[in-house]
Amino acid sequence: MKILMAVAATIATFTSSIAGSQQPEKPTIVLVHGAFADASSWNGVIAILKKDGYGVVAVANPLRGVKSDAQYVDDVVSGIKQSVVLVGHSYGGSVISETHASNVKALVYVAAFAPEVGETAASLSGKFPGSTLGTALAAPVTLADGGKDLYIQQDRFHQQFAADVSASEAVAMAVGQRPITEAALNEPASTSAWKTIPSWFIYGDQDRNIPPQALGFMAERAKSKHTEVVHGGSHVVMISNPKAVAKLIERASMNL
């Protein structure tokens, strides 16, 4: 009997140890790029997140309109079984703020817009002084439907968009930049998901696209769980400071 009791106790202890050692499933990180960039802008962040055991999806944001882009992202997110941390850069912040996907448990804004209902990316850029994007844009490309596609002038791209990356990398980024429609930057937000979903913010204090004062204002308004300001950081802090961005994303994921 004593032997049986000892064996039973050992099994119970072993089972308890296994149960106690099981870790909660990590959420999937969904990354949404902004205007004048593409999904490769997340490469440095992706490498860190994957190394740390996270599932990652970098969405190809259409950059056609806030509502339609958000619907596309929600379609992607809704197909993921796990909980999701939704991350947006720049205009991508306007997109993730429109999410209605039930499995989105956290929002991370990377130098990104977090608009109130009725606000636009364009209006928030001009809410405080400091943005020089308007004068850096190239002549718009007229589309067949009468709309306009916007690009940053290639010779202005480095200083305007990515001042803290190497000149050679900025040249490649400028050539491969993806345009955004003028209408998308002027489309009013219809939802402010940050009001009901916990949010985290990171941005550079040398951002020339969205004034740092505007980014700080939006973070405070959204009651950010944690706000990181990168000293000397440009608009593309996820490229120049991938460790800081990945760390904040992981911090958000551990607070679900």
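Of everything in segment 75-130 that is in a loop (DSSP other than H, G, I, E, B) and among the hydrophobic types (A, V, I, L, M, F, W, C), the residue that is farthest from the chain's Cα centre (by Cα) is F128. Taken together, D155, D149, D145 contain a single residue that is part of a helix (DSSP H, G or I), among the acidic types (D, E) and without any contact (Cβ under 8 Å) to a residue 40 or more places away in the chain, which is D155.
Take A70 and tell me if it is touching an Asp or Glu at 6+ places or on another chain (Cβ under 7 Å), in a helix (DSSP H, G or I) and among the hydrophobic types (A, V, I, L, M, F, W, C). Yes, satisfied. Of everything in segment 33-47 that is aliphatic (A, V, I, L, M) and either out of contact with any Phe, Trp or Tyr (no Cβ under 9 Å at 6 or more places or on another chain) or under 15 Å from V85 (Cα atoms) (or both), the residue that is surrounded by the most Cβ atoms within 10 Å (Cβ to Cβ) is V45. Could you list, in sequence order, the residues of segment 171-208 that are within 15 Å of the chain's Cα centre (by Cα) and farther than 17 Å from S68 by Cα? Correct list: W194, I197, P198, S199, W200, F201, I202, Y203, G204.
At pLDDT 95 or above, over 23 Å from the mean Cα position of the chain (by Cα) and charged (D, E, K, R) - does that describe any residue in segment 140-149? Among the residues of segment 140-149, at least one is at pLDDT 95 or above, over 23 Å from the mean Cα position of the chain (by Cα) and charged (D, E, K, R), which makes the answer yes. Determine which member of the set V73, V95, V66 is more than 17 Å from L124 (Cβ to Cβ) and of a type outside the set (F, W, Y). Of V73, V95, V66, the one residue that is more than 17 Å from L124 (Cβ to Cβ) and of a type outside the set (F, W, Y) is V73. Counting only residues that are surrounded by fewer than 17 Cβ atoms within 10 Å (Cβ to Cβ), β-branched (V, I, T) and within 13 Å of A111 (Cβ to Cβ), segment 160-215 holds 0 of them. Looking across segment 221-256, the residues that are closer than 22 Å to K195 by Cα and in a loop (DSSP other than H, G, I, E, B) come down to A222, K223, S224, K225, H226, M254, N255, L256. Beta carbons closer than 8 Å, at least 6 apart along the sequence or on distinct chains, pair a first residue in segment 109-132 that is on the phi > 0 side of the Ramachandran plot with a second that is assigned to a helix (DSSP H, G or I) and surrounded by fewer than 18 Cβ atoms within 10 Å (Cβ to Cβ) for G130/Q213.
The values are calculated or read from the model by the stated rules, or taken from the named source; none is laboratory data. Keep in mind the model is a prediction, meaning the values are calculated, not measured. Virtual Cβ from ideal backbone geometry, glycine too; neighbours counted across all protein chains shown.
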